[in-house]
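A.B. asks: My structure is below; once you've seen it, I'll send some questions.
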Amino acid sequence: MSPALFIKIFKTAVLAVVIFLFPLFFLPFTQEYFVTGKLYLLGGAALLLILLSTVELAVTKKIQWQKTAFDNLLALLAVTLGLSVVLVTPNKVQSLLNPNFGIVTIVSLTVIYFYLVREKRRALLGKLLNGSAIFTSLITVIFFLQPFKNAALPAAFQFLKNPAFTPLGSQLDLAIFLGFFAVFALAQLYVDSKARRPTSPLMIITFILSFAAAALSAYGLTKTNALLLPPVGISWYAAVETLKNPLTALFGVGVDNFAAIFTRVKDAAYNQSALWQIATFNLSRSAILHVFTETGLAGIAALSLLFIALFKQNKNHLPLLLATYFLLVAMLLFPVSLPVWFLFFLLLAFSAAARPENQPQSAFDLSALMPVYLGMIIIGLAVVGVAGWGLFRSYQAEAYFNQALGGIAQNNVKTLYDYQRLAIIADPYIERYHLNFAQTNLLIANNIASKTTPAAKGAGAQETKPAQLSDADKQTIAQAIQAAIAEAKAAVTLNPQKSTNWENLAAIYRNVLNVAQGADSWTISSYQRAIVADPQNPTYRLNLGGVYYTLQNYNEAYNMFQQAVAVKPDWPNAHYNLAWAAYQKGDYPTAAASMQNVLSLLDPKTNKADYERAQKDLDEFKKKLPQTEAAASGAAAQTQTPNQLTLPTPPEKLIEPKITLPKEASPEAK
């Protein structure tokens with residue numbers, strides 16, 4: 001067998017493995033087992049195909065090329081995605097690795113498309129694709145029946161007891177994935193029947209199992225209410241918001257940045273919904289709107305042209321045409337995801353391959369053009385080397401981070417700390433690494449600062465008081481606090497548009513209010529930035545009001561609690577804090593009225609403890625009122641949801657004097 005023929009067979013094998021394994025593939029080495037593993041599977045396969053082509057060029061000194069229907073449009077989609085990342089996206093490196101809609105996802109699938117559409121053994125690959133759908137369907141049916149429900153399984157295999165388990169990672173993605181194959185198989189069976197061709201047993205099995213498994217998955221979603229999707233209206237507002245600025249109108253708000261614009265366009269109605277405690281969503285309700293929002297008019301134009309070309313291409317091929325309609329509806333109604341993109345690119349490849357008028361394959365001999373020949377080999381190897389090293393390091397970082405989370409289960413702070421640090425060293429551009437490492441450093445500081453020693457109090461009784469910290473302990477605490485702040489600021493630097501990053505920084509400062517000098521003003525500044533990024537968030541206003549309250553600045557606390565009540569009038573805890581802020585500043589009528597509002601929003605049956613607490617506080621407030629006003633304060637109406645009434649509690653004073661942090665610890669310092 002010649003080297004060139006061996007390389008061709010190897011490329012076919014790579015495509016076969018990817019097509020068959022994609023829906024089934026997952027590895028338990030990262031925080032998220034399923035989608036993350038599929039992303040690296042696609043990226044590794046794409047690089048391996050490029051490497052094989054580079055070796056083939058080195059052996060044959062020839063380049064083979066064939067123009068197909070969607071080449072230019074796919075190149076346009078990749079270019080618009082790249083321009084959005086370069087020109088608009090705040091955290092460019094993290095956006096590359098976004099599995100739902102990132103450069104690695106789209107480029108890897110584009111590379112696989114180019115090889116798949118030119119593959120001579122597509123019929124075999126099509127059968128493998130059906131086989132993969134059958135295996136996925138069988139897994140779905142088996143787990144729905146819960147055969148391991150009462151089995152004694154090791155901890156590593158407890159997932160086998162979950163009736164909703166799917167290697168695709170999401171029941172919604174599973175329903176879409178298998179629904180796609182059910183629609184295609186049914187249409188193919190109809191066409192075969194109408195043309196009086198023999199019915200394919202493989203297609204019959206594919207339809208029956210895919211339809212059954214998709215139906216079970218859809219039933220499970222409706223039964224458990226497991227779908228947590230952003231509102232359609234806000235997703236639409238986010239897309240329209242991009243049109244207000246020329247740059248974002250053309251290239252969107254940037255890949256991996258939907259969360260930032262979601263918080264900017266949330267309306268008051270969102271705070272009245274059951275989703276109000278979710279600060280933001282990372283994905284739009286619709287894949288089409290998501291592409292529009294993150295890549296602008298350029299991105300949605302490229303995707304629209306691809307769908308138009310697909311409809312034209314498949315107008316005489318009913319199975320592919322119905323599959324196109326199905327995928328378009330799925331992308332209109334549901335969020336973007338890696339399995340949906342995988343189906344989309346497979347549809348493009350098989351649609352292009354079905355066109356008989358594709359241009360014939362051309363071969364270019366480079367043996368006489370040695371500079372070009374050597375240059376292309378060097379470029380191919382460089383692309384594979386650089387991209388491969390980047391993928392390896394990012395996967396290594398994910399594995400380190402997963403090992404760090406194992407330290408939480410083992411209650412091992414050293415494991416947690418060491419592996420989080422290694423994850424950041426391997427990939428310093430992932431925001432969640434810095435956010436979690438900030439909390440870990442704060443935990444270490446608190447653990448040291450809260451050391452206690454028994455102190456005598458009467459006969460036989462004991463109380464605890466802060467231990468006498470050594471200079472070494474104080475230095476360690478200072479270093480841990482500085483590290484916590486530095487990591488929280490690193491997340492803000494990577495994407496200052498995300499309110500959650502600012503809120504995390506504010507929470508770090510708030511935790512060291514009584515430990516570090518200047519932490520009060522830094523806390524306030526960070527919460528203010530979070531509120532600017534998420535103006536409809538009542539929790540940020542309540543927390544900032546809590547900071548003012550603990551600083552005994554009751555006027556500012558009252559103002560912030562008023563704002564929290566304004567953006568969410570049915571939140572008992574906001575009214576409760578407003579009542580106490582009014583009480584502390586001597587405004588007793590307002591305090592009583594606000595506490596009355598608390599009672600009107602609590603159900604004494606489901607919120608008995610809170611209701612009694614608020615009633616007791618109201619009775620105390622009435623004592624400060626003139627007799628006529630006190631008599632006018634009647635019993636409260638009863639309504640809705642369980643809530644916890646809490647007042648701001650300042651951190652303990654564990655260190656005196658306070659630690660002096662460097663100027664670099666302030667939120668404004670770069």
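A.B. asks: Residues being basic (K, R) and either touching a strand residue (DSSP E or B) at 6+ places or on another chain (Cβ under 9 Å) or assigned to a loop (DSSP other than H, G, I, E, B) (or both): count how many of those fall in region 222-233.
C.D. replies: Of the residues in region 222-233, the ones basic (K, R) are 223.
So of that shortlist, the ones also either touching a strand residue (DSSP E or B) at 6+ places or on another chain (Cβ under 9 Å) or assigned to a loop (DSSP other than H, G, I, E, B) (or both) come out as none.
Qualifying residue count, region 222-233: 0.
A.B. asks: Applying the selection to region 134-185, what residues are of a type in the set (G, A, S), touching a residue at least 24 places away in the same chain (Cβ under 8 Å) and not in a helix (DSSP H, G or I)? Give the derivation first.
C.D. replies: Step one: of region 134-185, the residues of a type in the set (G, A, S) are 137, 151-152, 155-156, 164, 169-170, 175, 179, 182, 185.
Now drop any that are not touching a residue at least 24 places away in the same chain (Cβ under 8 Å), which leaves 137, 156, 164, 169-170, 175, 179, 182, 185.
Residues satisfying the conditions are A164, G169, S170.
A.B. asks: I'm told A13 meets every condition in (1) closer than 21 Å to V384 by Cβ; (2) surrounded by 17 or more Cβ atoms within 10 Å (Cβ to Cβ) except one. Can you identify the failing condition by its number?
C.D. replies: (2) is the only condition that A13 fails.
A.B. asks: Only one of these is of a type in the set (A, V, I, L, M, F, W, C) and either within 30 Å of I142 (Cβ to Cβ) or buried (at least 17 other Cβ atoms within 10 Å of the Cβ) (or both): L243, L202, L247, L275. Name it. Don't jump to the end; show me each part of the working.
C.D. replies: Working: L243 fails: either within 30 Å of I142 (Cβ to Cβ) or buried (at least 17 other Cβ atoms within 10 Å of the Cβ) (or both); L247 fails: either within 30 Å of I142 (Cβ to Cβ) or buried (at least 17 other Cβ atoms within 10 Å of the Cβ) (or both); L275 fails: either within 30 Å of I142 (Cβ to Cβ) or buried (at least 17 other Cβ atoms within 10 Å of the Cβ) (or both).
Unique residue meeting the criteria: L202.
A.B. asks: If you don't mind, another one. Just the residues that are free of Cβ contacts under 8 Å to residues at least 60 places away in the same chain and in a helix (DSSP H, G or I), please, taken from region 18-37. Show your work before the answer.
C.D. replies: Our first condition is that a residue be free of Cβ contacts under 8 Å to residues at least 60 places away in the same chain; within region 18-37, this holds for 27, 37.
Within region 18-37, G37 is the sole residue that qualifies.
Residues are listed down the side, and each one gets a yes or a no for (1) loosely packed, with under 12 Cβ neighbours inside 10 Å; (2) at pLDDT below 65; (3) over 30 Å from Q475 (Cα atoms):
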{"position": "N607", "(1), (2), (3)": "no, no, yes"}
{"position": "E612", "(1), (2), (3)": "no, no, yes"}
{"position": "E620", "(1), (2), (3)": "no, no, yes"}
{"position": "K623", "(1), (2), (3)": "yes, no, yes"}
{"position": "T646", "(1), (2), (3)": "no, no, yes"}
{"position": "P662", "(1), (2), (3)": "yes, no, no"}
{"position": "K670", "(1), (2), (3)": "yes, yes, no"}
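A.B. asks: Could you figure out which of (1) surrounded by 21 or more Cβ atoms within 10 Å (Cβ to Cβ); (2) aromatic (F, W, Y); (3) in contact with a Lys or Arg (Cβ under 6 Å, 6 or more places away or on another chain) isn't true of Y554?
C.D. replies: Unmet for Y554, out of (1) surrounded by 21 or more Cβ atoms within 10 Å (Cβ to Cβ); (2) aromatic (F, W, Y); (3) in contact with a Lys or Arg (Cβ under 6 Å, 6 or more places away or on another chain): (1).
A.B. asks: Continuing with this model, one more query. Pairs under 8 Å by beta carbon, first residue under 19 Å from D603 (Cα atoms) in region 565-585, partner in a helix (DSSP H, G or I) and of a type in the set (V, I, T), six or more apart or different chains?
C.D. replies: W571/V565; P572/V598; A574/V565; H575/V565; H575/V598; Y576/V598; A579/T590; A579/V598
A.B. asks: Considering (1) crowded, with 24+ Cβ neighbours inside 10 Å; (2) under 26 Å from the mean Cα position of the chain (by Cα), say which one Q528 fails and leave the rest.
C.D. replies: Unmet for Q528, out of (1) crowded, with 24+ Cβ neighbours inside 10 Å; (2) under 26 Å from the mean Cα position of the chain (by Cα): (1).
A.B. asks: Follow-up question, since we're still on this one. Which of the residues spanning region 205-221 are of a type in the set (A, V, I, L, M, F, W, C) and either touching a strand residue (DSSP E or B) at 6+ places or on another chain (Cβ under 8 Å) or crowded, with 18+ Cβ neighbours inside 10 Å (or both)?
C.D. replies: Going residue by residue through region 205-221, those that are of a type in the set (A, V, I, L, M, F, W, C) are 205, 207-209, 211-216, 218, 221.
Matches in region 205-221: F207, L209, F211, A213, A214, L216.
A.B. asks: Among the numbered conditions (1) in contact with a strand residue (DSSP E or B) (Cβ under 8 Å, 6 or more places away or on another chain); (2) within 12 Å of D256 (Cα to Cα), tell me where L96 comes up short.
C.D. replies: With respect to (1) in contact with a strand residue (DSSP E or B) (Cβ under 8 Å, 6 or more places away or on another chain); (2) within 12 Å of D256 (Cα to Cα), L96 is out only on (1).
A.B. asks: If I ask for residues that are farther than 20 Å from R122 by Cα, not in a helix (DSSP H, G or I) and not charged (D, E, K, R), which ones from region 302-356 would you list?
C.D. replies: Within region 302-356, F334, P335, V336, S337 meet the criteria.
A.B. asks: Just need a number here: residues in region 253-281 that are touching a helix residue (DSSP H, G or I) at 6+ places or on another chain (Cβ under 9 Å), of a type outside the set (A, V, I, L, M) and outside any helix (DSSP H, G or I).
C.D. replies: 9
A.B. asks: Counting only residues that are part of a helix (DSSP H, G or I) and of a type outside the set (A, V, I, L, M, F, W, C), which one in region 234-252 is nearest to the chain's Cα centre (by Cα)?
C.D. replies: Taking region 234-252 as the starting set, the residues that turn out to be part of a helix (DSSP H, G or I) are 234-244, 246-251.
Of the ones still in play, those that are also of a type outside the set (A, V, I, L, M, F, W, C) are 235, 237, 241-242, 244, 246, 248.
On the way: S235: 16, Y237: 20, E241: 21, T242: 21, K244: 26, P246: 27, T248: 22 Å.
My answer is S235.
The values are calculated or read from the model by the stated rules, or taken from the named source; none is laboratory data. The structure presented is a predicted model; accordingly, all values stated were derived computationally and were not measured. Please note: Cβ atoms are built from the backbone with ideal geometry, for glycine as well, and neighbour counts cover all protein chains shown.
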